[in-house]
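Have a look at the structure below, then the notes.
The values are calculated or read from the model by the stated rules, or taken from the named source; none is laboratory data. None of the values given here were measured: they were computed from a predicted structure. All Cβ positions, even for glycine, are placed from backbone atoms using ideal geometry, and neighbour counts span all protein chains on display. Accessible surface areas use protein heavy atoms only, side chains included; no ligands, DNA or RNA. Shrake-Rupley method; radii C 1.70, N 1.55, O 1.52, S 1.80 Å.
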Amino acid sequence: MTIVSISPDESNGQRRGKRILDETVPLLPSKQEETGEFDEFNGASFAGAVFNLSTTIVGAGIMSLPATMKVLGLVPGILLIVFFAFFTEQSIDMLIRSSRAGKTVSYGGVMGDAFGKTGKVLIQLCIIVNNVGVLIVYMIIIGDVLSGTSSSGYHHSGVLEGWFGQHWWTSRFVILLVSMLAVFAPLACFKRVDSLRYTSALSVALAVVFVVITAGIAVVKLLAGSIAMPKLFPDVPDLASVWNFFTVVPIIVTAYICHYNVHPIENELDDPSQIKPVVRTSLALCSTVYITTSFFGFLLFGESTLDDVLANFDSNLGIPYSSVLNDAVRVSYAVHLMLVFPMIFHALRVNVDGLLFASASPLASDNRRFAIITVVLLSIIFLAANFIPSIWDAFQFTGATAAVCIGFIFPAAITLRDPHGIATKWGKILAVFMIILAVLSNAIAIYSDAYALFKKTDASPES
């Protein structure tokens, strides 16, 4: 789609509202002067930008982090979370620097500036694959939590089934349909990222609620002497156990992927120069949530911590009001994912439009095209989550690859290509290290997922 590229007004460096039509990039403008549609919008606030970026970061992956502590131990695990927060900040800085040098306003624009049309299409495809997979998985999880799920002949009741029993209106299809019509569709109708700032704030608050409940239960049980202090360092009984360390690294590598929403948030800021403080604040906030979730989740469940810690809240916690606390955790998590959904969907829609209608008018000014793309994407995600649950297995492979490309490989490749001669020697060294680490991490993730999938397939006939 055709959209305006930012060319900062030299007389007013604080606003990026003045734009020059010189490039096609898949992004919504912060101010569409041609249509006057956003003339009343005076720019997003710092707090709103922080909440929106934080919501993009903290998704379903938060529930896998306590299990990484079980493998790595608390000290290496927490250090790794901090390390990749720093790494993510560096990769986003690479994008921002290249974007300003090339006067582009999107991730696709930066890739197009460095690698031409092929690069732009490649990043659009990666974002589409990653985000479609993430949103389908979110919807599957919401269905599991609220309606229930069956595996190996055993049915795990959802929250609503536990409260009201099995009825047609507590079935997965109906619950997801109501969620789609009452939550996802209305929130997906917003054209600006900043319009989601309040739901994003609530989403972050719900993630904090999970941390507070988990921490409270862990402290109570610790004081009662019913749990022990968790291990600080990993156990290494043999060489085979060393491999387990690498299998959990991809979880942390992809925990901070938010790069596709950095430019939309920056373009709407009242002062675009605030984007770097916004990124640092968001990463600090999310790192705090990640560390506290990992620490208290592992402290509470110890060696019994499951790969998805939410599954640990499906049994008696050994304290008063256990069932109430379990339901509070599960419901808050499901609502959290519902509110994360529109942030991920926004980037998906924009990149689908940029890929299919590269020469069309801005998406923000074409309500018909906006509505059609929104309805089609929501329908695909809804149908896939309901009728192709095994699609999760496929996205374990494509999602892992797309995520590391978006977060690390492409930013590093842009730095190494350096079309505007702005990269430093340190930046290029960091970029090489980033690519090596991302490729190794992705290879390990694919091998681990393939091994687990084949093992499950081999076990199925026996069962």
Which value in deg cm²/dmol, rounded to the nearest 500, describes the helix-derived mean residue ellipticity at 222 nm for the chain, given -39,500 (n - 2.57) per DSSP H run of n ≥ 4 and division by the residue count?
-22000 deg cm²/dmol
Note: probe point = Cα of Asp271 + 7 Å toward Cβ; backbone nitrogen < 18 Å; residues of region 93-109 passing the test are none
Going by average Cβ neighbours within 10 Å, how do the peptides 257-264, 182-189 rank, with the highest at the top?
257-264, 182-189
To the nearest Å², the heavy-atom accessible area per residue of region 283-358 with 1.4 Å probe amounts to 33 Å²
Over region 79-119, with the other protein chains present, what is the accessible area per residue in square angstrom, probe 1.4 angstrom?
35 Å²
What does the charge add up to near Ser304, with Lys and Arg as +1, Asp and Glu as -1, over the other residues with Cβ less than 15 Å from its Cβ?
-1
Taking every pair of Cα atoms in region 69-224, average 1/r, invert it to obtain the Kirkwood radius, and report Rg/Rh to two decimals.
1.06
Please work out the ratio of the alpha-carbon Rg of region 64-143 to 2.2 N^0.38 Å and round it to two decimals.
1.48
Using alpha carbons only: equivalent-ellipsoid semi-axes of region 192-238, gyration tensor based, whole Å
36, 18, 5
Heavy-atom accessible surface of the chain: percent carbon and sulfur, 1.4 Å
67 percent
Placing each pseudo-label 7 Å from Cα in the direction of the beta carbon, Ser361 and Val324 end up separated by a distance in nanometres of 5.6 nm
Over its Cα atoms, what ratio of radius of gyration to 2.2 N^0.38 Å does region 190-315 give?
1.34
In nanometres, what is the gap between the two model label sites at Tyr451 and Cys189, each 7 Å from Cα along Cα-to-Cβ?
4.9 nm
Could you work out how far apart the two model spin labels at Leu125 and Asn316 are, taking each label as a point 7 Å from the Cα in the direction of the beta carbon, and quote it in nm?
5.4 nm
Among (i) 24.0; (ii) 23.0; (iii) 25.3, find the value of Kirkwood radius over Cα pairs in Å that was calculated from the structure presented, and write down its label.
(ii)
Here the net charge surrounding Arg280, from other residues whose Cβ is less than 14 Å away from its Cβ (Lys, Arg +1; Asp, Glu -1), is -2
So for the chain: antiparallel DSSP bridges make up what percent, rounded to the nearest 5?
90 percent
